[in-house]
1. Can you tell me the relative contact order of the chain? Whole percent, Cα pairs under 8 Å, sequence separation 6 or more.
2. Taking other Cβ within 10 Å of each residue's Cβ, how do Arg451, Arg10, Arg489 sort, fewest first?
3. Among the lysines, select those whose C-alpha is under 27 Å from the C-alpha of Lys234, and discard any that sit fewer than 8 residues away in the same chain.
4. Assuming R0 = 30 Å, what is the FRET efficiency of Tyr367 and Glu284, from their Cβ-Cβ distance, to the nearest 0.05?
5. Which far-off residues, 5 or more places away or on another chain, put their amide H under 5 Å from the one on Glu430, with H placed in the peptide plane?
6. I need the trypsin sites (Lys or Arg not before Pro) found in region 255-287, filtered to DSSP loop residues with at most 11 other beta carbons within 10 Å of theirs.
7. Which of Ile465, Thr439, Phe484 sits farthest toward the positive end of the charge dipole of region 434-528, with +1 on the Cβ of Lys and Arg and -1 on the Cβ of Asp and Glu?
8. Only helical DSSP H runs with n ≥ 4 go in: add -39500 (n - 2.57) per run for the chain, normalise by residue count and round the 222 nm mean residue ellipticity to 500 deg cm²/dmol.
Amino acid sequence: MSTQKTEIARRRTFGIVAHPDAGKTTLTEKLLLFGGAIQVAGAVKSNKIKKSTTSDFMEIERQRGISVATSVMAFDYDDKKINILDTPGHKDFAEDTYRTLTAVDSVIVVIDVAKGVEEQTEKLVEVCRMRKTPIIVFVNKMDRPGKESFDLLDEIEQKLQLPCTPLSWPVGMGDRFQGVYNIFEQRLVLFRPDNKQGRPEETIEFTDLEDPDLDKLIGKAAAAELRAETTMIKEIYPDFDRNDYLQQVISPVFFGSAVNNFGVKELLDCFVRIAPEPRPRAAEERAVQPNEDNFSGFVFKIHANMDPRHRDRIAFLRICSGTFERNTNYLHVRQNRKMKFANPTSFMADRKEVIDEAYAGDVVGLYDSGNFKIGDTLTAGEELHFKGIPSFSPEQFRRVYNGDPLKSKQLAKGLDQLMDEGVAQLFTREVDNAQIIGTVGALQFDVIQYRLEHEYGATVQYEGISLHKALWVTAKDPAALQAFRERRRQHIAQDKEGRLVYLADSAWTLQMAKDNHPEIEFHATSEF
Ligand code: G4P
């Protein structure tokens, strides 16, 4: 096999999604420890915004710093190159996470055994379902009392609409947690609460659970329960089939305790065996296969430099096909011009380094002085536009005013760049040219104000504006769209790309507009 083919075949690029506090950071850290990417526990900082400090801007900066550092964490394990893409759990940054999910090939969902399926997890899994991303579930915190395992699986199947099949099964939980039985490999892995550094776990073959040794090992009652439960599992759940997983027909479930480093190696060992290689990506023009000769990729995330004196940013590019090479001319499709990169960067958990080449499945960081925006495509020359990097209909709105007439240029530039980064969306109302910022979460308004001031020296003032939703509108007949636009002038705005957006005051006016104009289509995402 050629180098390119071998390299691509060993890439596994995935994201961990979870509701805040379920244990995403802890699990990430343990995976990195196994990969030898970090040496000590505590090296991965949580990118969580602590509830008590949401109004504290140092907290936002701290979070930003961490999320640059943890955007991609790569390590080698068992001949595979694993790329973990970080996904913020905070709901105000959900859009960031949605976009990151366009750049992964699979996902691990972490669920807290006591809390079960939480709101943020539901939303994120919905995005994965839409994209048919294969999902593995890890039920965490088994050392704590929580929901009964069968009930939890029911909840996963119902709330997440994910048919699942357990590949491991817990023996007890909380104080009585003794370990997990690996159904797939038919062995019992014993839990030792003092084994946080991940010494090899004590595992005992049990191809036959009727073996009386099981009673001696975990006690009669626990053994009887395990026997009964594994029999039930066989009756209720389908056998695991990798193809079903790859097509998101079924999701395997694991149980463990991330903080105790228990069940994590099992998860990782199974992950490297079953998780997909880089998958083909749909461009508007055609499907792009990872192993094509020519390079292509798209920008899914942009991060401003942490140092306000240097306005350059890092654009994160997911490579979709071929080999990316340093100092090579590539086509920036939207701008229709050639660019080359002297310092493309890869991220290795605790350090970054300049790389000479990277392969489909990898993510590279490109230093950017304002040329990129989210969704941009780079290729070896072909005109390609990758699909599936949506903007979502915002739910919070403020009208913006310039707070300092001498700095209007700075304000315009700052707003422009922050919108390119995907922090929020800017709409211009047609009747009065009012500028309206729409976001998914309220925290973004503080971030924008703070960053405009610190990075661009501009002052923005907000005014509350009562809007329910902003939805993109289209119609098959351009004349119908034009007629709608004129009739509803007060409610029409343009987004940054000049697409028409309907600003609805309330759910009621929106429904009226839909009822009265069946010829118009209303879209909740920009991907139509
Ligand atoms: P997140 O990134 O998903 O938001 O969660 P994170 O890993 O930060 O974990 C949230 C809390 O849950 C942390 O405690 C962490 O130690 C704890 N935790 C993670 N895995 C387990 C587990 O298997 N069992 C138990 N009992 N706890 C677990 P914290 O008190 O918020 O922070 P810390 O001070 O302990 O770091």
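1. 13
2. In order of increasing Cβ crowding within 10 Å: Arg489, Arg10, Arg451.
3. Lys115, Lys132, Lys141, Lys147, Lys159, Lys216, Lys220, Lys265
4. 0.60
5. Placed amide hydrogens put Ile492, Ala493, Gln494 under 5 Å from Glu430.
6. Arg286
7. Projecting each Cα onto the dipole axis, the largest value belongs to Phe484.
8. The per-residue figure over the chain is -8500 deg cm²/dmol.
Each value in this text was obtained by applying a stated rule to the coordinates, not by laboratory testing. Note that the coordinates shown come from a computational prediction; the quantities given were computed from them, not determined experimentally. Here the Cβ is made from the backbone with ideal geometry for all residues, glycine too, and neighbour counts use every protein chain on show.
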